[in-house]
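Report on the following structure.
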Amino acid sequence: MLPLSLLKTAQSHPMLVELKNGETYNGHLVSCDSWMNINLRDVICTSKDGDRFWRMPECYIRGSTIKYLRIPDEVIDMVKEDAQAKSRNRGELNKNRGGNSQQNQNQRAVRSGNRNNFNNRGGQGGGPGLGNGGMRSGGSGQGNRLLAQNNKNRK
């Protein structure tokens, strides 16, 4: 379970946020972004020592200041259920692809080409580790040889 997926699921649910400076914020999550910056509504802020309280209609909290978040168990259960449903769907998609028949394995091998042949020099300079015929980028060595010949013929 990833933290950001947990926060996305927790939107509109109550949560407690403790900051690194000791202040706590209780409110309902409105939104969050990929830096864990969050917007809360109907917020009660408590000072570090717990003797002062503030009520705010909304607040923004920078993600880098957050120490921890307390989220209701029901949200965590929802995220677990979503993860299980996604894994079930992936399993069904793989079954529908045709399994491991010999024909499918042959098709995959043809599509992959020499992608995994790392020591193939292809008759050109290059060296080990350049699995595309010794070329460092794009195309095959043969195509570049033809381009060089065409450039000679133009002169």
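Readers should treat all values here as calculations from the given coordinates under stated rules, not as data from a laboratory. Note that the structure is predicted; figures quoted are calculated from it, not measured. Cβ sites come from the backbone with ideal geometry, for glycine too, and all protein chains shown count toward neighbours.
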Between LYS8 and THR65, what is the label-point separation in nm under the 7 Å Cα-to-beta-carbon projection?
2.6
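Rounded to the nearest 0.05, what FRET efficiency do ASP42 and ASN89 have when you use their Cβ-Cβ distance and R0 = 41 Å? Before the final figure, lay out the partial values.
Details: r = 36 Å, r/R0 = 0.87.
With a Förster radius of 41 Å, E is 0.70.
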At a Förster radius of 41 Å, what calculated FRET efficiency corresponds to the Cβ-Cβ distance of TRP54 and ASN96, to the nearest 0.05?
0.15
Would you check the range 1-105 for Lys pairs whose C-alpha atoms are within less than 14 Å, ignoring same-chain pairs closer than 8 in sequence, and give me the count?
4
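Near ASN89, within a Cβ-to-Cβ distance under 14 Å, what is the net charge of the other residues, with Lys and Arg +1 and Asp and Glu -1?
It works out to a net charge of +2.
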Net charge near ASP42 (other residues with Cβ under 13 Å of its Cβ; Lys, Arg +1; Asp, Glu -1) is +1
